[in-house]
1. For Ser68, all conditions in the list (1) surrounded by fewer than 13 Cβ atoms within 10 Å (Cβ to Cβ); (2) more than 12 Å from the chain's Cα centre (by Cα) hold save one; what is the number of the exception?
2. Pull up the range 10-29, narrow it to residues that are polar (S, T, N, Q) and within 14 Å of Val59 (Cα to Cα), then point me to the one that is surrounded by the fewest Cβ atoms within 10 Å (Cβ to Cβ).
3. I want to confirm something. Restricting to the range 30-57 and keeping residues that are touching a Lys or Arg at 6+ places or on another chain (Cβ under 8 Å) and assigned to a strand (DSSP E or B), which single residue is surrounded by the fewest Cβ atoms within 10 Å (Cβ to Cβ)?
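Laboratory data are not the source of any read-out in this text; all were calculated from the coordinates shown. All figures in this text were calculated on a predicted structure; none of them were measured in a lab. Cβ atoms come from the backbone with ideal geometry, glycine included; neighbour counts cover every protein chain shown.
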Amino acid sequence: MHEFSIALEIVDTLEENGYLDGVNKVNSVKLGIGKYSGIDKNYLGFAFQNLNDERFKGVLLEVISNDSDEIKIEEIMVD
């Protein structure tokens, strides 16, 4: 299940760019995922909710499909 490593990489990228500074809980993540990316949105949602990071417990993952093979973070909602 490569979706777990993708979820970890997304969290690492958010942290490296300061988007998670001072964040206690992430409520939702909105991603644009290309339909040719080979990513299963159900597995990716499961991966986010099972990270070893309490901020992502119960996160709602919203996926917007597009005709490419890329992943794009649209927004995150945090407390």
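1. That leaves (1) as the condition not met.
2. Asn24
3. My answer is Gly32.
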